[in-house]
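The structure appears below as structure tokens.
Bear in mind these aren't lab numbers, they're just calculated from the coordinates by the rules spelled out. This structure is a prediction, so every number in the text was calculated from the model and none was measured. In this analysis, Cβ positions are derived from the backbone assuming ideal geometry, glycine residues included, and neighbour counts consider all displayed protein chains.
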Amino acid sequence: MITFDDTNQKDPRIILDEESAPAIIKVVGVGGGGCNALNRMIEAGVKGVEFIAVNTDGQALRACKAPVRIQLITPNGHGKALGAGCNPDAAHQAALDRTDELIEHLENADMVFIAAGMGGGTGTGASPVIGGLARDAGALTVAVVTKPFAFEGPRKARIADKGIEELRRCVDTLISVPNSRLLQMVSPAMSVRDAFLLADEALRQGVQGISDIINETGIINRDFADIEKVMRGGGMALMGIGVGSGEHRAIEAAQQAFSSPLLEEASLEGAQRVLVNFCGGPDTTIAEINDAAEYINKRCAEDCLFLFGYAQRDDFAGKIQVTVVATGFGESAEDTTAPRPAERPRSREEQRPAATAVSSPFLAGGLPPDYGINVGNISDLDVPTYLRRQMD
């Protein structure tokens, strides 16, 4: 509901009630890679979001700039914050042990991003727990994760794939970025340190590319409801960001978006929901936007839901940025009209997990046999609703 205060006719004001307040967006960095990505976002001045860091490594957590930091203690850590030892099962259990604290910081969120590097312990093991809690609380839940570099070995790649599959079942939408694809776009002389910073930057782009659409008011405006329509229950997603300058800047930006590391090596043709948002300066022409939008539209399914937005910023004079988000792969066209509605936000008592017995999802799903660490069956645990649903 919107009410108007007309007491001063020269200065009419719109008073927004609580229901009209901006969307509450929280970004949870999980593990070393996720916390590094939070630092990158904070340094880059990402606005309109709340940052939460979650890690088993106390030293790394203290170095994170996020205002909220949640320490996870693994079962084999003897009460100390020593990390997960590349063991997703230990991190998974540690997150379950902190369920109440995690729920406390996730509640009231309209949207929750989970940023993590997959293939290690904490990001791989704790992210599904956090994603499930956020989604069960009714938040639109989007995971943006990186896959390991090829030089990190096949075992880590297999663990990452298993973790991504587990996480995909616990969130609305998942965007995965292969680190090896990032290397294809830079000089071979890049240092190892800079390569990992590039992975952090990819996570930042994935989160900020979406949050900016929600937080910035556009001439052709796209808001949280539009993002929700595209991403609620979207499954695996593709995302691309491109920036162009010069005479053909709009087409150049669109082409860059389609070669973006965030898009992986896949096509938009199977997507049933596509959101395209342009950001340009005061000098951007309608012809430029039309040509670029047409370029993108031709590469999408003919009957897909295609949402278009345009925002203008003075600091974008001479350049144009385009962000493409595509979901709904494998859906029929009819499915795009009614994504899964948000669940009713529930009280703390309603969200509290019921005690039951379950094995770790990583063991149950068959982690690589050479993983080397097995915590056995985990019984008498507090298990979130999303895990109980998977067991049914």
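Points to keep in mind about this one:
- Neighbour-count order for 176, 259, fewest beta carbons within 10 angstrom listed first: 259, 176
- About its Cα centre, the dipole of the stretch 138-260 is roughly 540 debye, where the only charges are +1 on Lys and Arg Cβ and -1 on Asp and Glu Cβ.
- A Förster radius of 25 Å, combined with the Cβ-Cβ distance separating residue 59 from residue 186, puts the computed FRET efficiency at roughly 0.30.
- The simple spin-label model puts a point 7 Å past each Cα toward its Cβ; for residue 152 and residue 302 those points are separated by 4.2 nm.
- Beta bridges by DSSP in the stretch 237-337, antiparallel share as percent, to the nearest 5: 65
- Once the Cβ-Cβ distance of residue 104 and residue 24 is raised to the sixth power relative to R0 = 25 Å, the FRET efficiency obtained is 0.95.
- Total lysine pairs whose alpha carbons fall under 16 Å of each other in the stretch 22-215 (8 or more apart, or interchain): 5
- In sequence order, calculated HN-Hα J values of the stretch 22-28 (Karplus, 6.51, -1.76, 1.60; Hz; x Gly/Pro): x, 4, 8, 10, 10, 10, 9
- Residue list for the stretch 169-198, given a label point 7 angstrom along the Cα-to-Cβ vector of residue 43 and an amide N cut-off under 12 Å: 194-198
- With the charge dipole of the stretch 22-215 set up from +1 on Lys and Arg Cβ and -1 on Asp and Glu Cβ about the Cα centre, the Cα lying farthest toward the positive end among the listed residues 183, 53, 86 is that of 183.
- Exposure proxy ranking for 38, 197, based on other Cβ atoms within 10 angstrom of each Cβ and starting from the fewest, stands as 197, 38.
- For residue 87, the residues 5 or more places off, or on other chains, whose built amide H falls under 5 Å of its own are 121.
- Taking 7 Å steps out from each Cα toward its Cβ at residue 217 and residue 169 produces label points 4.4 nm apart.
- Most simply put, the stretch 31-153 has about 10% antiparallel DSSP beta bridges, counting only bridges with both residues inside it.
- Overall, the stretch 22-215 carries a charge dipole of about 520 debye about its Cα centre when +1 sits on the Cβ of Lys and Arg and -1 on the Cβ of Asp and Glu, all other atoms neutral.
- Residues whose amide H comes within less than 5 Å of that of residue 268, counting only those at least five positions distant or on another chain, are absent (H built at 1.01 Å from N in the peptide plane).
- All C-alpha pair distances within the stretch 237-337, sorted into 5 Å bins from zero, spread as 3, 14, 26, 23, 16, 10, 5, 2, 0 percent across the bins.
- The stretch 22-215, relative contact order in percent, only Cα pairs under 8 angstrom and at least six apart counted: 22
- Close amide-amide hydrogen proximity is noted between residue 27 and 50, 51, 52, 113, each under 5 Å apart and 5 or more residues distant or on a separate chain (H modeled in the peptide plane; Pro and chain starts excluded).
- Lys/Arg +1, Asp/Glu -1 at C-beta; the stretch 237-337 dipole; positive extreme among 311, 293, 237: 311
- In order through the stretch 154-171: 3J(HN,Hα) via Karplus (6.51 cos²θ - 1.76 cosθ + 1.60), integer Hz, x for Gly, Pro: x, 5, 5, 5, 5, 5, 4, 4, 5, x, 5, 5, 5, 5, 4, 6, 10, 10
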